[in-house]
Amino acid sequence: LVGNWNIYYGGKWHNAHLDGGVASMTEFVIRKAAHFSSYFLVGLFAYLGLKRIFKINWLGPLFIWLTVIGLAAFDEFHQFLTGDRTPSVHDIMLDGAGALTGILLCLIGQAVHTLIMKKKSS
C-alpha cells in the first residue's frame with residue numbers, strides 16, 4: 001500500500017525508492033502515524049479531563065494544546081540526550097497537530113451535543 005506514496009517530511013522526500021524499500025517506507029509511515037495518534041489521544045483526554053477547571057472557555061483548549069506541545073518538546077529533548085535517536089522539530093509540529101486535532105474534534109463534538117440538547121428541549 002505505501003510502496004507508491006511520496007511524502008515530503010522534514011525537508012526531504014520519502015518514498016520506497018529513496019528510503020531503501022517498502023519495509024523502510026512502511027516503518028517511516030508507522031512511526032509518524034504513532035507520533036500523530038499518540039498525541040491526538042493525549043490532547044483529547046487532557047482536554048476532556050481538564051476542561052472543567054477553566055473559567056474562560058477559550059483558555060482551556062489553548063493552555064492544554066501549548067502544554068502538550070511542551071511535552072512533545074521535552075520528548076524530543078530526551079531523544080537528543082539518547083545516543084542513537086535523532087530529535088526533530090518536525091516531530092514536535094506533528095505531535096502538536098495531533099493534539100490540536102484531538103482538542104478540536106472534542107470541541108466540535110461538544111458543540112454538536114449542545115445543539116442537539118437545545119433542539120430537544122425546545
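Values quoted throughout were computed directly from the atomic coordinates according to the rules given, and no laboratory measurement underlies them. Owing to the predicted nature of the structure, the values given are computational and were not obtained by experimental measurement. Glycine gets a Cβ as well: all are built from the backbone with ideal geometry, and neighbour counts include every protein chain shown.
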Report summary line: Filtered hits (lysines, Cα-Cα < 24 Å from Lys55, offset >= 8 within chain) -> Lys118
Requested in this report: Describe numerically, in nm with one decimal, the distance between label points set 7 Å from Cα along Cα→Cβ at Leu50 and at Thr26.
Outcome: 3.8
Requested in this report: Taking 7 Å along the Cα-to-C-beta vector as the label spot, tell me the Lys118-Leu81 distance in nanometres, rounded to one decimal.
Outcome: 4.9
Query - Within straight-line cross-link reach of Lys12, lysines at Cα separation under 17 Å, skipping those fewer than 8 residues along the same chain - result: Lys32
Report summary line: Between Leu41 and Lys12, the FRET efficiency computed from the C-beta separation at R0 = 30 Å comes out, to the nearest 0.05, as 0.60
Query raised in the report: In the range 39-122, which chymotrypsin sites (Phe, Trp or Tyr not before Pro) are in a loop and have at most 11 other Cβ atoms within 10 Å, using DSSP for the loop call?
Result: Trp58
Query - Two-decimal Rg/Rh across the chain, once Rg and the Kirkwood Rh are taken from alpha-carbon atoms - result: 1.11
Report summary line: For Tyr9, the residues 5 or more places away or on another chain with a placed amide H closer than 5 Å to its own amide H are His14
Query - Förster radius 30 Å - calculated FRET efficiency between Val89 and Trp58, Cβ distance, rounded to 0.05 - result: 0.65
